[in-house]
Amino acid sequence: MKSVAYRPRKLHPNFNQFDYLVVRRAMDELPLLEKLVVEMRFFHNFSISEIARLLRMGWDEAESLIDSALTILRQKCLSDPKFSRSTQVLQAA
């Protein structure tokens, strides 16, 4: 099995620490599987193929889970007044 090292990312220049906290709080509200795939994809830089293989699911299912989780996160973050600096970035996505 291929070993994938954790590669932390810098915060996006349009985001501040409050934005990061809003995202983490919204992630805590996600169902467990959606939270897991988002963390694997964006915090640990796994590819969709790697996520699908590790979770024993099809590529399409993994991609769909990520997409639905991001939709939920986007809605939760945009509805939080503390997340106002980054709305243009999220609405463009």
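The table below gives the values:
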{"item": "Candidate set from region 50-69 (those that are in contact (Cβ under 8 Å) with a residue 12 or more places away in the chain, in a helix (DSSP H, G or I) and open to solvent by 30 Å² or more (accessible area, probe 1.4 Å)); member that is farthest from F83 (Cα to Cα)", "result": "L54"}
{"item": "Subset of region 36-49 (residues that are in a helix (DSSP H, G or I) and either closer than 23 Å to R24 by Cβ or touching a strand residue (DSSP E or B) at 6+ places or on another chain (Cβ under 8 Å) (or both))", "result": "L36, V37, V38, E39, M40, R41, F42, F43, I48"}
{"item": "Top-ranked residue in region 70-82 [being free of Cβ contacts under 8 Å to residues at least 12 places away in the same chain and part of a helix (DSSP H, G or I); ranked as least open to solvent (accessible area, probe 1.4 Å)]", "result": "T71"}
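The values are calculated or read from the model by the stated rules, or taken from the named source; none is laboratory data. Since the structure is predicted, the reported quantities are computational estimates derived from the model, not experimental observations. Because the Cβ atoms are built from the backbone with ideal geometry, glycine has one as well, and the counts that use them run over all protein chains shown. Please note that ligands, DNA and RNA were not included when accessible areas were found on the heavy atoms of the full protein model with its side chains. Shrake-Rupley method; radii C 1.70, N 1.55, O 1.52, S 1.80 Å.
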